[in-house]
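*Asks:* Provided herewith is a single structure, encoded as structure tokens, for subsequent inquiry.
The values are calculated or read from the model by the stated rules, or taken from the named source; none is laboratory data. All values reported here derive from a predicted model rather than from experimental measurement. As a convention, Cβ positions derive from the backbone with ideal geometry for all residues, glycine included, and neighbour counts pool all protein chains shown. The area values use the complete protein model at the heavy-atom level, side chains included, leaving out ligands, DNA and RNA. Shrake-Rupley method; radii C 1.70, N 1.55, O 1.52, S 1.80 Å.
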Amino acid sequence: MTRPSHEPSTAPTGPLGHDLRFVLAALMLNTFMSMLDQSIVATAGPTVVGELGGLDHYAWVFTGYMLAFSVTMPIYGKLGDLFGRKPVHLLAITIFLTGSVAAGLAQSMGQLIAFRVLQGLGGGGLVVLGMGSLGDLLEPRQRAKYQGYFAVVFTLANLCGPLAGGLITDQLGWRWVFFVNVPIGLATMALLMRFLHPGRAPERRPRIDYAGALTLAAAIVGALLVSTWGGNDYAWTSPTIVSLTAATVALLLAWLWIERTAAEPLIPLRLFGDRTFSIMTVIAFAGSFAFFGCINFVPLFLQLVSGASPTATGLLYLPAMVCVAVASVVSGRLIARSGHYKWVVVASMGIAAAGTILLSTVGGSTPGLLVAGFLAVVGLGIGLSQQVTTLAAQNAAPPQDMGVATSTVGFLRNLGFSFGVAVFGAVLNARLAAELPAALGADRENLTPETVSALPPAVRGAVAEAYGSSLATVFRWAVPVLLVGFVLALWLQDVQLRRRGPGGPGGPGGPRSQAGAAGAGGAAAAGPAPATTG
């Protein structure tokens with residue numbers, strides 16, 4: 001049932017206060033730091049392995065971080081709702097920076113993996129709490145506009161990360177790809193401590209859902225291990241994967257039972273009774289599944305089929321990332337002006353599905369530039385709804401569940417990424433096993449751009465065609481996922497974003513945040529109130 005909070009209001013939106021501008025700057029720094037860390041480390045990989053050794057375990061530098069990051073996202077969302085976002089956010093940044101310094105000082109691969117897990121335990125709260133604070137401080141239409149700017153920060157961090165990682169590794173050493181987080185994190189903490197005022201203290205001692213948190217954490221670890229190991233380290237039908245899958249399903253069922261009976265559930269299941277919230281979580285999963293599944297395998301096509309260099313591959317990614325950023329800003333402004341978001345989401349899923357259909361037509365003779373253009377179409381579609389899913393879910397949730405609504409959308413988006421890469425990887429491996437017969441004289445396990453370019457022209461053409469048709473099959477799998485998102489988007493109610501002051505009477509958009517608005521005692525407010533969250 002849709003709550004009355006969806007009903008529109010015509011209250012005007014006031015200007016941003018001085019404190020709020022600094023808070024937004026802090027939240028953007030926070031977002032930049034989180035995204036930069038995820039993209040900057042990979043470039044330093046060969047140098048790290050050369051100094052610390054442990055190539056067999058190197059993948060866990062990323063897997064360990066991803067596991068800790070994913071497990072803690074919903075927990076941070078709930079803690080922010082219970083204790084206020086400011087103290088929890090400062091704690092998350094402190095843990096993240098501690099892990100960053102420790103990772104930079106690591107003396108072995110085992111230490112580096114352990115400290116990356118510590119980083120992830122803090123990193124899981126950075127973006128979730130930042131977006132939750134944004135939801136507290138801005139009324140939904142303002143939020144639509146500024147979340148578009150946050151999407152630009154996401155994109156810039158992802159674009160700058162690999163280049164910055166290479167420069168830092170060459171000039172300062174690989175340890176500084178971790179140390180670089182320290183000045184950014186300290187600046188973020190200083191701004192938050194100075195300008196983000198704490199919200200009201202809980203009226204009663206919060207009851208933390210420890211059982212739900214532990215059960216969900218175990219289920220997430222199981223699901224991510226299945227998606228990481230399945231088809232790579234173990235066959236999908238192996239006893240390890242089958243038993244791990246069964247244990248994960250059992251843990252999820254146990255978690256659902258715990259959430260139904262908990263006094264303060266980690267993720268209140270009542271949220272899924274709202275049609276908008278449920279649809280947006282599915283769309284967040286579907287969009288991430290398809291886009292990141294595609295974007296992780298396009299380099300194989302560009303380098304092994306089109307013969308592009310790693311540098312050229314990076315440049316061919318630019319149109320897609322620019323389209324994501326531009327579409328996010330445009331959709332934010334459109335929604336801020338009209339207050340409606342349904343048809344933006346419908347267009348998002350439709351355009352993204354069209355882009356994946358175009359990608360599914362590639363072959364051995366398809367130019368790399370055309371593939372980059374197809375990927376840009378997908379990026380345009382995904383960019384339209386990248387921030388809208390969070391915005392609409394926040395709008396559908398009651399204020400006391402703002403943090404957990406934000407973290408649930410982010411959590412499912414993260415799972416979509418993990419499962420998209422895993423499923424697409426399994427499909428690719430299966431197709432290559434059929435498309436690359438031994439008659440080609442090429443061992444598909446050892447194919448690199450260099451070895452492919454050294455093959456005789458006839459064999460090289462056959463390998464390119466095999467990879468082209470196999471990757472076309474992979475991209476084809478994204479189409480039905482996005483079409484499900486498209487159909488669900490059509491079922492959305494065409495509601496208008498509410499205008500309200502989520503931070504209460506002193507929050508932006510509330511009575512004291514409008515110049516000339518009457519206060520509780522009837523006096524006119526002098527201007528926007530201090531930024532308050534939690």
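*Asks:* Could you list, in sequence order, the residues of region 165-175 that are in a helix (DSSP H, G or I) and buried (at least 18 other Cβ atoms within 10 Å of the Cβ)?
*Replies:* Across region 165-175, the qualifying residues are GLY165, ILE168, THR169.
*Asks:* Among the residues of region 266-282 satisfying the criterion of being in contact (Cβ under 8 Å) with a residue 60 or more places away in the chain and of a type outside the set (Val, Ile, Thr), which is surrounded by the most Cβ atoms within 10 Å (Cβ to Cβ)?
*Replies:* MET280
*Asks:* Please indicate, with yes or no, whether at least one residue in region 111-120 is touching a Lys or Arg at 6+ places or on another chain (Cβ under 8 Å) and touching a residue at least 24 places away in the same chain (Cβ under 8 Å).
*Replies:* Looking through region 111-120, none of the residues is touching a Lys or Arg at 6+ places or on another chain (Cβ under 8 Å) and touching a residue at least 24 places away in the same chain (Cβ under 8 Å).
*Asks:* Sticking with this structure for a sec: Within region 461-479, which residues are in contact with a helix residue (DSSP H, G or I) (Cβ under 9 Å, 6 or more places away or on another chain), of a type outside the set (D, E, K, R) and surrounded by fewer than 19 Cβ atoms within 10 Å (Cβ to Cβ)?
*Replies:* Within region 461-479, SER469, ALA472, THR473, VAL479 qualify.
*Asks:* Still on this structure, please answer the following. Out of curiosity, is LEU492 buried (at least 17 other Cβ atoms within 10 Å of the Cβ), at pLDDT 75 or above, of a type outside the set (D, E, K, R) and not in a helix (DSSP H, G or I)?
*Replies:* Numbers: buried (at least 17 other Cβ atoms within 10 Å of the Cβ): yes; at pLDDT 75 or above: yes; of a type outside the set (D, E, K, R): yes; not in a helix (DSSP H, G or I): yes.
Criteria met by LEU492.
*Asks:* Test GLN111 against the stated conditions and say whether it is at pLDDT 85 or above and out of contact with any Gly (no Cβ under 9 Å at 6 or more places or on another chain).
*Replies:* yes
*Asks:* Looking only at region 34-88, count every residue that is touching a residue at least 60 places away in the same chain (Cβ under 8 Å), acidic (Asp, Glu) and open to solvent by 20 Å² or more (accessible area, probe 1.4 Å) and tell me the total.
*Replies:* Selection size over region 34-88: 2.
*Asks:* Scan PRO8, PRO4, PRO15, PRO74 and give me the residue that is farther than 30 Å from LEU167 by Cα, at pLDDT 85 or above and of a type outside the set (A, V, I, L, M, F, W, C).
*Replies:* None of the other options fit; the residue is PRO74.
*Asks:* Something else: Quick one: how many residues across region 127-142 are part of a helix (DSSP H, G or I) and either more than 18 Å from the chain's Cα centre (by Cα) or small (Gly, Ala, Ser) (or both)? Before you say what the answer is, go through the steps one by one.
*Replies:* Going residue by residue through region 127-142, those that are part of a helix (DSSP H, G or I) are 127-137, 140-142.
Applying the additional criterion that residues be either more than 18 Å from the chain's Cα centre (by Cα) or small (Gly, Ala, Ser) (or both) yields 130, 132-133, 135-137, 140-142.
So the answer is 9.
*Asks:* Which of (1) modelled with pLDDT of 85 or more; (2) buried (at least 16 other Cβ atoms within 10 Å of the Cβ); (3) of a type outside the set (Val, Ile, Thr) does LEU253 not meet, given it meets every other one?
*Replies:* (2)
*Asks:* Just one of (1) under 30 Å from ARG460 (Cβ atoms); (2) more than 18 Å from the chain's Cα centre (by Cα); (3) in contact (Cβ under 8 Å) with a residue 60 or more places away in the chain; (4) open to solvent by less than 50 Å² (accessible area, probe 1.4 Å) trips up ALA422, so point out which.
*Replies:* (2)
*Asks:* Go through (1) buried (at least 21 other Cβ atoms within 10 Å of the Cβ); (2) closer than 26 Å to ALA217 by Cα and name the single condition GLU259 misses.
*Replies:* (1)
*Asks:* Which of the helices (runs of 4 or more DSSP H) contained wholly in region 313-419 include at least 1 residues that are among the charged types (D, E, K, R) and either modelled with pLDDT of 85 or more or open to solvent by 20 Å² or more (accessible area, probe 1.4 Å) (or both)?
*Replies:* Output list reads 342-359.
*Asks:* Could you pull out the residue among PHE178, PHE150 that is part of a helix (DSSP H, G or I), touching a helix residue (DSSP H, G or I) at 6+ places or on another chain (Cβ under 6 Å) and farther than 14 Å from ALA44 by Cβ?
*Replies:* PHE150
*Asks:* Let me ask something additional. Only residues in region 337-359 that are in contact (Cβ under 8 Å) with a residue 40 or more places away in the chain count as the first member; pair them with residues that are assigned to a helix (DSSP H, G or I) and basic (Lys, Arg), Cβ under 7 angstrom, at least 6 apart or cross-chain, and list the lot.
*Replies:* Taking only residues 6 or more apart or on different chains, the pairs are GLY339/ARG141.
*Asks:* Please state which one of ALA190, ALA219, ALA144 is of a type in the set (Gly, Ala, Ser) and open to solvent by 50 Å² or more (accessible area, probe 1.4 Å).
*Replies:* Exactly one residue qualifies, and that residue is ALA190.
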